[in-house]
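The values are calculated or read from the model by the stated rules, or taken from the named source; none is laboratory data. Quantities reported herein were computed from a predicted structural model and do not represent experimental measurements. Positions of Cβ are backbone-derived with ideal geometry, glycine not excepted, and every protein chain shown enters the neighbour counts. The protein model used for the area step is the full one, side chains on, heavy atoms only, and it has no ligands, DNA or RNA in it. Shrake-Rupley method; radii C 1.70, N 1.55, O 1.52, S 1.80 Å.
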Amino acid sequence: MTVTVVGIGGSLRPNSQSERALRIALSGAADAGAEVIEVSGPELVLPFYDPAVADRPDNARRLVEALRAADGVVLVSPGYHGTVSGLVKNALDYVEDLRGDSRVYLDGRAVGCVATARGWQASVTTLTALRSIVHALRGWPTPLGSAINSGEVEFDLEGGCSDPTVADTLRTIGRQVATFAMSQAG
């Protein structure tokens, strides 16, 4: 059975380090047999989430529908001032639109969490914030998460990473999401 893993992350800068990290993590999910959907950068430019406004722009509807259909999720956020970027946080606020679903929020889904920042303090605190958000949304953070110091690790446009251990960790996170999703689907 094929499962779907949705990756959310990146920044407004095309091919940002966090977006490239997201792609490596999603490649691990794909290698494990999952269908992957990437939602990043400009696709995450959404109006501030307002639960009182029922009408959603097309990109918000696509995000919510992708998450509704997702069997697993990978989240990658750059660390801005020690926490999740506003772009990623606002996208996660749209998960509130799943509150009335039979699978409310991210309930029963594995969620891989990755944070990138130029320094260890910001990358670690951002990873902690992501994992806390996933708990609040009833998701299951994967056992492995990754805090990446982008001052020490670089990702290239071809999908490579200057540190093979970091690349292996990212692929493992993607595999953990896919494997958990498959176990729940079977």
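Remarks
- Residues within segment 10-49 that are open to solvent by less than 60 Å² (accessible area, probe 1.4 Å), of a type outside the set (A, V, I, L, M), free of Cβ contacts under 8 Å to residues at least 60 places away in the same chain and part of a loop (DSSP other than H, G, I, E, B), tallied: 1
- Among residues of segment 159-184, those that are open to solvent by 40 Å² or more (accessible area, probe 1.4 Å) and either charged (D, E, K, R) or more than 20 Å from V6 (Cβ to Cβ) (or both), counted: 7
- Considering (1) open to solvent by less than 30 Å² (accessible area, probe 1.4 Å); (2) farther than 21 Å from L144 by Cα, the lone condition that L106 does not fulfil carries the number (2).
- Some residue of segment 87-96 being of a type in the set (D, E) and either farther than 21 Å from R138 by Cα or not in a helix (DSSP H, G or I) (or both): no
- Segment 137-186 - residue that is polar (S, T, N, Q) and under 17 Å from the mean Cα position of the chain (by Cα) and, of those, nearest to S18 (Cα to Cα): S146
- Residues of segment 60-84 classified as within 12 Å of the chain's Cα centre (by Cα) and closer than 20 Å to Q121 by Cα, total: 5
- Exactly one residue out of G145, G112, G139 is surrounded by 16 or more Cβ atoms within 10 Å (Cβ to Cβ), over 19 Å from T169 (Cα atoms) and touching a residue at least 12 places away in the same chain (Cβ under 8 Å), and it is G139.
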